[in-house]
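Asks: One structure, pasted below without further comment.
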Protein chains: 2
Amino acid sequence: MAYKKISENDITFLKKTTAPERVYTNQDINDDFTHDEMMEYGKFSPEAVIEVINSHEISLIMRYAYEKNIPVTPRGSGTGLCGGSVALYGGILISLAKMNQILEIDETNLTVTVEPGVLLMDLVKALAGKELFYPPDPGEKTATIGGNVMTNAGGMRAVKYGVTRDYVRGMDIVLPDGEMIKVGGKIAKNSSGYSLKDLFIGSEGTLGIATKITLKLLPLPKKTISLLAPFQSLNDCLNIIPILFKAKIIPTAIELMQKEIIEATEKYLGKFFPDKSADSYLLLSFDGNAIGEVENSSDQAAQVLLNEKAIDVFIADTEERLDAIWTARGAFLEAIKTSTSQIDECDVVVPLDQMREFINYVDRLDDKEKIRIVNFGHAGDGNIHIYLCKDSLSNDEWQIKKDKVMQKMYKKALELGGQVSGEHGIGHAKRAFLAESLGNRSMELNKSIKKVFDPKNILNPGKVCY
Amino acid sequence: MAYKKISENDITFLKKTTAPERVYTNQDINDDFTHDEMMEYGKFSPEAVIEVINSHEISLIMRYAYEKNIPVTPRGSGTGLCGGSVALYGGILISLAKMNQILEIDETNLTVTVEPGVLLMDLVKALAGKELFYPPDPGEKTATIGGNVMTNAGGMRAVKYGVTRDYVRGMDIVLPDGEMIKVGGKIAKNSSGYSLKDLFIGSEGTLGIATKITLKLLPLPKKTISLLAPFQSLNDCLNIIPILFKAKIIPTAIELMQKEIIEATEKYLGKFFPDKSADSYLLLSFDGNAIGEVENSSDQAAQVLLNEKAIDVFIADTEERLDAIWTARGAFLEAIKTSTSQIDECDVVVPLDQMREFINYVDRLDDKEKIRIVNFGHAGDGNIHIYLCKDSLSNDEWQIKKDKVMQKMYKKALELGGQVSGEHGIGHAKRAFLAESLGNRSMELNKSIKKVFDPKNILNPGKVCY
């Protein structure tokens, strides 16, 4: 794609439109802006980084960039895992990190309105003070809400509460040519034309930039109980899940973890996990407003676990124990990264009853292809995070093996009725896999939609589909 | 729009492709197919009605119609209220009513897969036997699931459970040119490209025809309690709702009704409503799996109601009493229709805290414009159903007054941050109001999306935006 390179004149305009101290060029650009959490997917330098502070600035920048044919990449915290927020073709990188105000907590409509740069952890904290609750719970707490919306982030509590999409009520959007529109609103229902709102959600900043986001809230659950159940084998562990669902027991979260990853995490955090005697673990959590009901559900689940080969069931219902377990769970990715020289990751989602087959398939690949594969996952919603580790493989071996294994895994997921990404998105790293999985016509529809919003392909080019 | 008229040759092809006894033409076309539930919006005769029985037939019909430039209108039960399923430009009407099989109830993935012509009431019945529950609860139980999905139907239980969109996991779609694609799947999370699934939901059969739909289910709640609270005035009634939400009490449903409509319904049904001493009523319902918690929530709510000017609170927790109240609620629309010669309807949605202002505005319009306006609504989600009644107005007076009142109401809804339709959709009847409400750019985006899917505009033309 032939884009205009940024000139001195452009920089002058951009500085005048925003503020000189918020426009960075050349060696003043922090190296962090050249990659996301997956440095393995390459480093790409924007020609200018602009820290914006309001929608008006974004609109002016977009209008200018659109006219001049300069690519623009929007970015939150840069915690993505598919290269979605890197400036693949240079140009302008718009950092939304300074747009981090919680604009309104509305206790009547049960909504919160935020700027896109608000961090997930800051939102959670602000709401707790009002006894309110934003249910989606992606593992990366330093991600921005804008980033969460743009990848339709899922997280641990999707089993009971659904994903980010289910909580977005309305947004202000700057389109690629700078025009501003509103989608949705502070409303609970909407059947007024095609859902543009749902198109922007999960579009990874390729169709427009969200400058204001209104989210639905729920009352903060009064009680949370977690259960940690060790099992002698992975299959014992995986067999339980369909049984729980058939028994109409719906936990808030069900996480799957194996000994290897627990040990790596202990090492990484320098903290002990409550148990590591067994091969595989399920971590379940239950929450709600009626303490009796939460206890009752978790008792029922514990009984099912014990009937179905759980070696034991540890109950965590104090802040301290809950924290110890969930902190470890939150550190898995960092622990894996620390354990090896390079990783590649896959975030497929398969139907719940196909998870056992999928994970067993991955385990066999591990043996067959002689590459270390670590996985953990959201066992209650069929979303599995799989990490290939380079360890002592040569660069060539690594390249060949990881490509081969990835292709096989995506093929298998597709066979089982799954999709390429459960929650991390496509970015540029998974575009080929998405094309393969969706097939020609659906991929063409994606591209045509992109062209409707961004005919010059200047907003986050090279991502998702085009 | 210049479409090809259907010829004898076309009929021969269509009969060969499907079956002669399922293709109707001329006087064999049942009058029901010329309108939906709002005959006021006109009668439109298709040139041929085809009762299809599978996706293959639909695909062949679409491919043929696309090549020949014949418009096609898909239709379920025809229970819509905006003319969405009428053949505005003649051509082929595809009736999906015979595609009414429940294909699979999956108790592990907690999904049900249906053909689009399954009736809501039949789905509910089939699931109850398995102790499973499809939460959306639109008032019209003889609507098809396909129709519900295509209008993103809302219903009574949206306060707690959300709307149809929140329960669609995957669909098989026939595109306007006959090609078939799959969107989503039996999966709980998905961040794999733009959400085509969410574009089809609420698209009113203008982007593609759903031939198979997989819905998410929940365990059937073990207990339901309804509360009926009479109030001396509408404002007393409306004042309560923000107070309930601020107190973090989230009922399953909150319905608002006034004496006039209750009396009309008693007359229509020939059955007595439990109480009609007061001016206005709130009907609240609570459900859940823990009997104690349901009782507790409803007790808490009853206390709030009594503290805030409810004259009394009647509790309904037996099948019989629940049935008496909710049957009346379900018959409101028919009762209004029976009470007058013609109606027009409006289905706006506003933020919850603006509902009081909106309904009061409508009440003032009633007085000022000398037109009888009846309203009832989903008071817990800001979605209000407003019916203008012709009564003894002349045709000219009726035309002028209703247009004026409608325009004012939509303008007011927009001012309050609302949208044209909460759950009934746009069809052809509300296109002008949608255009006004969305503004040029969003309307253009809608049209451009339509062109991506249907460049020849042969699938349900004249609806939604184009």
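Asks: Name every residue in the stretch B:429-464 that is more than 11 Å from residue B:207 (Cβ to Cβ) and under 21 Å from the mean Cα position of the chain (by Cα), in order of residue number.
Replies: Hits for the stretch B:429-464 are B:429, B:430, B:431, B:432, B:433, B:434, B:435, B:437, B:438, B:461, B:462.
Asks: Hey, among the residues in the stretch A:368-410 that are more than 20 Å from residue A:38 (Cβ to Cβ) and under 22 Å from the mean Cα position of the chain (by Cα), which one's surrounded by the most Cβ atoms within 10 Å (Cβ to Cβ)?
Replies: Checking each candidate, the answer is A:382.
Asks: Here's a follow-up. Quick check, is residue A:207 in contact with a helix residue (DSSP H, G or I) (Cβ under 6 Å, 6 or more places away or on another chain) and at pLDDT 95 or above?
Replies: yes
Asks: Here's a follow-up. Sort out which residues of the stretch B:351-406 are part of a helix (DSSP H, G or I), polar (S, T, N, Q) and under 30 Å from residue A:214 (Cβ atoms), and write them in order of number.
Replies: Across the stretch B:351-406, the qualifying residues are B:354, B:360.
Asks: A further question on this structure: Filter the strands (runs of 3 or more DSSP E) completely within the stretch A:269-350 down to those with at least 2 residues that are of a type outside the set (Phe, Trp, Tyr) and assigned by TED's automatic domain parsing to the domain that holds residue A:402.
Replies: So the answer is A:343-346.
Asks: Considering only residues that are within 10 Å of chain B (Cβ to nearest Cβ) and at negative phi, which ones fall in the stretch A:149-159?
Replies: Residues satisfying the conditions are A:150, A:151, A:153, A:154, A:158, A:159.
Asks: Go through the residues of the stretch A:101-111 one by one and say whether even a single one is over 22 Å from residue A:425 (Cα atoms) and either in contact with a His (Cβ under 9 Å, 6 or more places away or on another chain) or among the small types (Gly, Ala, Ser) (or both).
Replies: no
Asks: Could you give every pair whose Cβ atoms fall below 7 Å, whose first residue belongs to the stretch B:281-303 and is within 12 Å of chain A (Cβ to nearest Cβ), and whose second residue is of a type in the set (D, E, K, R) and assigned to a helix (DSSP H, G or I), counting only separations of at least 6 or pairs across chains?
Replies: Filtered contacts from the stretch B:281-303: B:290/A:293; B:293/A:293.
Asks: Which residues, taken from the stretch B:137-148, are surrounded by 24 or more Cβ atoms within 10 Å (Cβ to Cβ) and either at pLDDT below 95 or away from chain A (no Cβ under 11 Å) (or both)?
Replies: Listed by number, the residues that qualify are B:144, B:145, B:146, B:147.
Asks: Which of the residues spanning the stretch B:419-455 are out of contact with any strand residue (DSSP E or B) (no Cβ under 6 Å at 6 or more places or on another chain), surrounded by fewer than 21 Cβ atoms within 10 Å (Cβ to Cβ) and more than 19 Å from residue B:87 (Cα to Cα)?
Replies: Within the stretch B:419-455, B:435, B:436, B:439, B:440, B:443, B:444, B:447, B:448, B:451, B:452 meet the criteria.
Asks: Okay, moving on. Which residue is surrounded by the most Cβ atoms within 10 Å (Cβ to Cβ), if the candidates are limited to the stretch B:172-184 and must be within 21 Å of residue B:93 (Cβ to Cβ) and hydrophobic (A, V, I, L, M, F, W, C)?
Replies: B:174
Asks: Then there is this: Looking only at residues that are part of a helix (DSSP H, G or I) and of a type in the set (Ser, Thr, Tyr) in the stretch B:251-268, which one is farthest from the other protein chains (Cβ to nearest Cβ)? Give the steps one after another, and end with the answer.
Replies: As a first pass, look at the stretch B:251-268 and keep what is part of a helix (DSSP H, G or I): B:259-268.
Still in the running and of a type in the set (Ser, Thr, Tyr): B:265, B:268.
Numbers: B:265: 23, B:268: 26 Å.
Selected residue: B:268.
Asks: Same structure again: Taking residue A:365 and the conditions (1) within 14 Å of chain B (Cβ to nearest Cβ); (2) buried (at least 16 other Cβ atoms within 10 Å of the Cβ); (3) of a type in the set (A, V, I, L, M), which numbered condition does it fall short on, given that it satisfies the others?
Replies: Unmet for residue A:365, out of (1) within 14 Å of chain B (Cβ to nearest Cβ); (2) buried (at least 16 other Cβ atoms within 10 Å of the Cβ); (3) of a type in the set (A, V, I, L, M): (1).
Quick grid of which residues meet (1) under 17 Å from residue A:424 (Cα atoms); (2) surrounded by fewer than 19 Cβ atoms within 10 Å (Cβ to Cβ); (3) touching a strand residue (DSSP E or B) at 6+ places or on another chain (Cβ under 9 Å):
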position	(1), (2), (3)
A:55	no, no, yes
A:67	no, yes, no
A:76	yes, no, yes
A:85	yes, no, yes
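Asks: In the same structural domain as residue B:305 (by TED's automatic domain parsing) and either modelled with pLDDT under 95 or surrounded by fewer than 24 Cβ atoms within 10 Å (Cβ to Cβ) (or both): which single residue out of B:199, B:127, B:234, B:132 fits that description? If you could, list the steps in order and put the result at the bottom.
Replies: Values: B:199 fails: in the same structural domain as residue B:305 (by TED's automatic domain parsing); B:127 fails: in the same structural domain as residue B:305 (by TED's automatic domain parsing); B:132 fails: in the same structural domain as residue B:305 (by TED's automatic domain parsing).
One residue alone meets the criteria, B:234.
Asks: Take the stretch B:1-46 and flag every residue that is surrounded by 11 or more Cβ atoms within 10 Å (Cβ to Cβ) and aliphatic (A, V, I, L, M).
Replies: Residues satisfying the conditions are B:1, B:6, B:11, B:14, B:19, B:23, B:29, B:38, B:39.
Asks: A further question follows. Name the single residue that is nearest to the chain's Cα centre (by Cα) among those in the stretch B:160-181 being charged (D, E, K, R) and more than 8 Å from chain A (Cβ to nearest Cβ).
Replies: Across the stretch B:160-181, the extreme among qualifying residues is B:160.
Asks: In the stretch B:420-438, which residues are out of contact with any Leu (no Cβ under 7 Å at 6 or more places or on another chain) and either of a type in the set (Val, Ile, Thr) or more than 7 Å from every other protein chain (Cβ to nearest Cβ) (or both)?
Replies: B:427, B:429, B:430, B:431, B:432, B:433, B:435, B:436
Asks: Tell me, please, whether a residue that is in the same structural domain as residue A:196 (by TED's automatic domain parsing) and out of contact with any strand residue (DSSP E or B) (no Cβ under 9 Å at 6 or more places or on another chain) can be found in the stretch A:99-118.
Replies: Checking the stretch A:99-118: at least one residue is in the same structural domain as residue A:196 (by TED's automatic domain parsing) and out of contact with any strand residue (DSSP E or B) (no Cβ under 9 Å at 6 or more places or on another chain).
Asks: Would you be able to say whether some residue in the stretch A:88-109 is within 11 Å of chain B (Cβ to nearest Cβ) and not acidic (Asp, Glu)? If you could, list the steps in order and put the result at the bottom.
Replies: Narrowing the stretch A:88-109 to residues within 11 Å of chain B (Cβ to nearest Cβ): A:106-109.
This time we only want the ones that are not acidic (Asp, Glu), so: A:108-109.
Yes, because at least one residue in the stretch A:88-109 is within 11 Å of chain B (Cβ to nearest Cβ) and not acidic (Asp, Glu).
The values are calculated or read from the model by the stated rules, or taken from the named source; none is laboratory data. Because the structure is predicted, anything quoted here is derived from the model rather than measured. Glycine also receives a Cβ, built like all others from the backbone with ideal geometry; neighbour counts cover every protein chain displayed.
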